[in-house]
Amino acid sequence: MEFFLTRLVDLYHAEKKFIKSFVALSIAAYTSELRTALNSPSTEAETHVNRLETIMKSLKVKPAKQECNIVSALVEKARDLIVKNEPGTAMRDAAIIYAAQHIEHYKIASYTVLHEVSKELKLEQASVLLEQCLKEENDTAAYLSQIASNIINPAAAKDAV
């Protein structure tokens, strides 16, 4: 149970940090499609924070502040990619999608593990809420991939020539 609770609190703090990251990525995005797509994960993360708070409250867990090196590295990498790529270019948007996908896949891995562990621990409410979050994260990752394949990557390839 300790593993589950520690990871739950980690993910709670990660979601809060990622809200700010997605706002910054959205502001830095060049194409309107990407800006719009990046606003969704920010709003979604707020819903996830609320769900995680519901789970923690039901388990009587207080989310003590914890710093996660992985989360910090993902946020720093996102900032770095924005700075190192020229504003107003499809290549910068490709870098932004790269950063956003890293964050999404971290969250997918986290929600997958927590969902599976919650089922084993027979935490039914937690399992349902975590499964909802997992589905939404998978949908977001798929949508970002679609935008990359159909819009950003072809434009970035033209910029590179």
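The values are calculated or read from the model by the stated rules, or taken from the named source; none is laboratory data. Source: prediction; values computed, not measured. Ligands, DNA and RNA are excluded from the accessible area calculation, which covers all protein heavy atoms including side chains. Shrake-Rupley method; radii C 1.70, N 1.55, O 1.52, S 1.80 Å.
Derived value for segment 45-127: Kirkwood hydrodynamic radius 15.0 Å. Basis is the mean of 1/r over every pair of different alpha-carbon atoms.
Every Cα-Cα pair in the chain was counted, and those over 24 Å apart are 35% of them. Residues whose amide H comes within less than 5 Å of that of Tyr30, counting only those at least five positions distant or on another chain, are Asp93 (H built at 1.01 Å from N in the peptide plane). Under a Gaussian network description of the chain, with springs only between Cα atoms under 10 Å, the residue in Ala100, Ala24, Ala45 that fluctuates furthest is Ala24. Backbone phi angles across segment 87-95, fed through the Karplus curve with coefficients 6.51, -1.76 and 1.60 (θ = phi - 60°), yield HN-Hα couplings of x, x, 10, 5, 5, 5, 5, 5, 5 Hz in residue order; Gly and Pro are listed as x.
Cα to Cα, under 29 Å, and not fewer than 8 places away if on the same chain: which lysines meet these conditions relative to Lys65? Leaving aside lysines fewer than 8 places away in the same chain, those within reach of Lys65 are Lys16, Lys17, Lys20, Lys57, Lys77, Lys107, Lys119, Lys122, Lys135. Per residue, segment 5-161 exposes 52 Å² of accessible surface when a 1.4 Å probe is rolled over the protein heavy atoms with every protein chain present.
Here the chain has 56 percent of its accessible surface on carbon and sulfur atoms, given a 1.4 Å probe and all protein chains in place.
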